[in-house]
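These notes are about the structure you will find just below.
Nothing in this text is a laboratory measurement; each read-out follows from the coordinates by a stated rule. Treat the numbers as computed from the prediction; the structure is a model and nothing was measured. FYI the Cβ positions are ideal-geometry reconstructions off the backbone, even for glycines, and counts take in every protein chain you see.
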Amino acid sequence: MEQLKWKKVKGRSSTELREREGVPFLVFPSLEAAGMVVHGFSTRLGGVSEGIYSSMNVSFTRGDQEEAVRENYRRLGAAIGFSCENLVCSDQTHTTNLRVATEEDRGKGFTRRKDYTDVDGLVTNVPGLVLATFYADCVPLYLVDPVRRCIGLSHAGWRGTAGKIGKKTAELMTEQYGSRPEDLLAAIGPSICQSCYEVSEDVIEKFREAFDERFHTELFYEKGGGKYQLNLWRANELAFLEAGLRPENIAVTDVCTCCNPALLFSHRASKGRRGNLGAFLMLK
Ligand SMILES: [Zn+2]
């Protein structure tokens, strides 16, 4: 798998490729080092789906064959190290709504119907529950508290990023489990980079409101014609810092989905004809 042609951010090495059972996936060594979670981020490789879903699609709702998607999950579980009956899936609609996942949620979104809607992030302190969120350019936010033994996993598109869902997730972990921000380990996962992410004025307006003016030059620049390039990675990092996380405890990915369209699903690169990638996080 090392021969796969990954395009990575120069001078940063936060994300690593692993392969088990013939299935490649990405991990953050900084989260592995905590020794208390199983985690991973899928790629397009190692699955059974075909066509625009080829091959490791984990979305049941984009038109792929259900049986193929189920087999993809089974393979990812075998590779990353989880059982699919323990999945608890988000119901992503670009909100900043969070759900506290409990024993009662085990299997929801995979073996059982979800009985909740509009949930873009999940937290839990139940060992063995596998939090799962879904992507094709949006930003996965992983949180691990090695002291209070709890985790969070949230999906941030531009709306969730402007709404600081990462900060909200950290705050919910404090409220529910007594987490101290300075103990939290965070990872900002594979997603679209600033060079690939062009947005219009109305989006930038939300970031001007959400972030202090002194950060604006590092968050976006104007290209002309009312178009801007937006840095979602830095915006999510700033939101974590605002929540009180230590800078050295925040890992920022070096992998852009849109720069690697043969290896990762990218909404922008595929013009919407694509499957979904999955982020998975479980407390051991
Ligand atoms: Zn890119």
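Among the residues of the stretch 82-97, is any aromatic (Phe, Trp, Tyr) and in contact with a His (Cβ under 8 Å, 6 or more places away or on another chain)? Walk me through it before giving the result.
Within the stretch 82-97, the subset aromatic (Phe, Trp, Tyr) is 82.
Filter again for in contact with a His (Cβ under 8 Å, 6 or more places away or on another chain), leaving none.
No: the stretch 82-97 contains no residue that is aromatic (Phe, Trp, Tyr) and in contact with a His (Cβ under 8 Å, 6 or more places away or on another chain).
Taking the residues in the stretch 36-74 that are assigned to a loop (DSSP other than H, G, I, E, B), in contact with a strand residue (DSSP E or B) (Cβ under 9 Å, 6 or more places away or on another chain) and among the polar types (S, T, N, Q) as candidates, determine which candidate is nearest to Asn260 (Cα to Cα).
Going through the qualifying residues, I end up with Thr43.
For the stretch 167-211, what are the residues that are of a type in the set (Val, Ile, Thr) and either surrounded by fewer than 24 Cβ atoms within 10 Å (Cβ to Cβ) or within 16 Å of the ligand (Cβ to nearest atom) (or both)?
At the first step, the residues of the stretch 167-211 found to be of a type in the set (Val, Ile, Thr) are 169, 174, 188, 192, 199, 203-204.
Matches in the stretch 167-211: Thr174, Ile188, Ile192, Val199, Val203, Ile204.
Can you pull out the residues in the stretch 13-61 that are farther than 25 Å from Ser270 by Cβ and of a type in the set (Val, Ile, Thr)?
Listed by number, the residues that qualify are Val37, Val38.
Quick check on this structure: which one of Glu242, Glu218, Glu205 is without any contact (Cβ under 8 Å) to a residue 12 or more places away in the chain and either within 21 Å of Thr174 (Cβ to Cβ) or among the acidic types (Asp, Glu) (or both)?
Working: Glu242 fails: without any contact (Cβ under 8 Å) to a residue 12 or more places away in the chain; Glu218 fails: without any contact (Cβ under 8 Å) to a residue 12 or more places away in the chain.
The match here is Glu205.
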